[in-house]
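Could you have a look at this structure, given as structure tokens, before my questions?
The values are calculated or read from the model by the stated rules, or taken from the named source; none is laboratory data. Nothing here was measured: the structure is a model prediction, and the numbers come from that model. Virtual Cβ from ideal backbone geometry, glycine too; neighbours counted across all protein chains shown.
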Amino acid sequence: MAADVLSDVLRTVRLTGAVFFVTEASSPWVLEIPDGATLAPAILPRADHVLSYHVVINGSGWGGLPDGAPVRLEAGDVLLFPQGDPYVMSIARGMRGGPDRTEILGFFRSMAAGQLPFTVKEGGGGAERLDLVCGFLGCDVRPFNPLLATLPRLLHVRGAFGATEHPLTKLIELAVAESRQKRAGGECVRLSLSELMFVEVVRQHLAMLPAERTGWLVGLRDPLVGRALALLHERPARPWTLPRLAKEVGSSRSTLADRFTHFVGLSPMRYLGNWRMQLAARLLADGTSKLSAVAADVGYDSEAAFSRAFKKIVGVAPANWRQRRAGNVARTFAPR
């Protein structure tokens, strides 16, 4: 059940591969990556949010946020920046600088357009090496993305892979093989692999979280909260109440409410309301259905009630949301 909830969220927030490549760096080497809002127009203009991850396949180095301590990276580690912060990657600790922002954005535009090779060699040619699989993905962050809300600004998964049979190892090998074979559809395959790698990293992170931790991801692992989340995601339009949900999962109302809020940070009914608005926002952005049809699809008996709830949670009326999204699409496909 919990795995299905994660899949449902990733589908609904439109997780999309944007750029995926291998960097083979030699010392001295440093790169300062701009924030996701700056990267988005260059690599995925329709995306609300751009996040990135780096998988160390050889050598060692450092990575981190400009306002935080750098993290030591070894082969088999994964470094993830879920919140779209700017960050620094380098071979030696404490390095800053590298190419300027204009050059970096030009590189990403060319990479996103398929004008650069899958493997990029950088650095000064020294003895120290750092080889990385670099993935950049787009997703929706508004109105409600429970996965992003539970992830930190920087996520370092030590020893995330290494053995030949490990899923991440296989995905990396497949991506490299695709880049070498130059077959039709290769770029599409590689970007899909980048999404799969991100999901596998999230699963590795979840498996390593201590039992005493809280958050939406840990809630998926909890038997009671996981069942409740699965039901809400399976049938979001059902007229749920706390008593009905508690009965379905075999719990008292107070126990379910307390445990759900403890892990997720929201009450079950408030979580449902937020998730319904995420579903509605996706329907509004992707189609031309009447508001009454969208309202019914997410569990509202009337267009008026739906519109009030949407504006309360999202901050704008449904029609305005649709217009703004249509404007984003038009700008994306406008001649340059």
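Residue 276 versus (1) farther than 30 Å from residue 218 by Cβ; (2) at pLDDT 95 or above; (3) under 25 Å from the mean Cα position of the chain (by Cα): which is the lone unmet condition?
Only one criterion is unmet by residue 276, namely (1).
Being modelled with pLDDT of 95 or more and over 22 Å from residue 18 (Cβ atoms) is true for just one of 61, 162, 106, 76. Which residue is that?
Residue meeting the stated conditions: 61.
If I go through the stretch 110-141 residue by residue, how many of them are closer than 22 Å to residue 185 by Cβ and not in a loop (DSSP other than H, G, I, E, B)?
Of the residues in that region, 11 qualify.
Select from the stretch 283-301 the residues that are touching a residue at least 40 places away in the same chain (Cβ under 8 Å) and buried (at least 19 other Cβ atoms within 10 Å of the Cβ) and write down the one among them that is farthest from the chain's Cα centre (by Cα).
Looking at the filtered set, the residue picked out is 299.
Being under 23 Å from residue 151 (Cβ atoms), free of Cβ contacts under 8 Å to residues at least 40 places away in the same chain and not in a strand (DSSP E or B) narrows it down to one of 47, 69, 40, so name that one.
69
Among (1) more than 19 Å from residue 4 (Cβ to Cβ); (2) surrounded by fewer than 17 Cβ atoms within 10 Å (Cβ to Cβ), there is one condition residue 235 misses while meeting the rest; what is its number?
(1)
Let me ask something additional. Filter the stretch 155-173 down to residues that are surrounded by 18 or more Cβ atoms within 10 Å (Cβ to Cβ) and in a loop (DSSP other than H, G, I, E, B), then give me how many there are.
Result for the stretch 155-173: 2.
Would you confirm, using the coordinates I've provided, whether residue 23 is touching a Cys at 6+ places or on another chain (Cβ under 9 Å) and not assigned by TED's automatic domain parsing to the domain that holds residue 323?
yes
If we keep just the residues of the stretch 107-137 that are among the small types (Gly, Ala, Ser) and in contact with a Pro (Cβ under 9 Å, 6 or more places away or on another chain), which is farthest from residue 273 (Cα to Cα)?
126
Okay, next question. Given the conditions (1) aliphatic (A, V, I, L, M); (2) assigned by TED's automatic domain parsing to the domain that holds residue 53; (3) closer than 20 Å to residue 13 by Cβ, which single one is not true for residue 264?
Result: residue 264 fails condition (2) only.
Sticking with this structure for a sec: Of the conditions (1) within 20 Å of residue 156 (Cα to Cα); (2) in contact with a helix residue (DSSP H, G or I) (Cβ under 7 Å, 6 or more places away or on another chain); (3) β-branched (Val, Ile, Thr), residue 43 fails just one. Which one is it?
(1)
A further question on this structure: Just to be sure before I move on: is residue 287 of a type outside the set (A, V, I, L, M, F, W, C) and either closer than 19 Å to residue 145 by Cα or assigned by TED's automatic domain parsing to the domain that holds residue 147 (or both) in the structure I sent?
For residue 287, the condition - of a type outside the set (A, V, I, L, M, F, W, C) and either closer than 19 Å to residue 145 by Cα or assigned by TED's automatic domain parsing to the domain that holds residue 147 (or both) - is not met.
Next question, about the same structure. Report yes if some residue within the stretch 260-281 is surrounded by 17 or more Cβ atoms within 10 Å (Cβ to Cβ) and over 28 Å from residue 151 (Cα atoms); otherwise report no.
No, the stretch 260-281 contains no residue that is surrounded by 17 or more Cβ atoms within 10 Å (Cβ to Cβ) and over 28 Å from residue 151 (Cα atoms).
Give the residues of the stretch 14-37 that are assigned to a strand (DSSP E or B) and either under 15 Å from the mean Cα position of the chain (by Cα) or acidic (Asp, Glu) (or both), sorted by residue number.
Of the stretch 14-37, the ones assigned to a strand (DSSP E or B) are 16-26, 30-33.
Residues satisfying the conditions are 16, 17, 18, 19, 20, 24, 32.
If a residue has to be of a type in the set (D, E, K, R), in contact with a Lys or Arg (Cβ under 6 Å, 6 or more places away or on another chain) and farther than 19 Å from residue 98 by Cα to count, how many in the stretch 7-47 make the cut? Give the derivation first.
Initial filter on the stretch 7-47 (of a type in the set (D, E, K, R)): 8, 11, 14, 24, 32, 35, 46.
Pick out the ones that are also in contact with a Lys or Arg (Cβ under 6 Å, 6 or more places away or on another chain) and you get 24.
Checking which are farther than 19 Å from residue 98 by Cα leaves us with none.
Number of matching residues: 0.
Ok, one more. I'd like the residue in the stretch 204-216 that is surrounded by 14 or more Cβ atoms within 10 Å (Cβ to Cβ) and out of contact with any helix residue (DSSP H, G or I) (no Cβ under 6 Å at 6 or more places or on another chain) and, out of all such residues, is nearest to residue 258 (Cα to Cα).
Among them, the one singled out is 205.
Of all residues in the stretch 54-66, count the ones that are in a loop (DSSP other than H, G, I, E, B) and either of a type in the set (D, E, K, R) or out of contact with any Pro (no Cβ under 7 Å at 6 or more places or on another chain) (or both). Steps first, please.
Here is the first cut: in the stretch 54-66, the ones in a loop (DSSP other than H, G, I, E, B) are 65-66.
After this cut, where a residue has to be either of a type in the set (D, E, K, R) or out of contact with any Pro (no Cβ under 7 Å at 6 or more places or on another chain) (or both) as well, the list is 65.
Residues that pass the stated criteria total 1.
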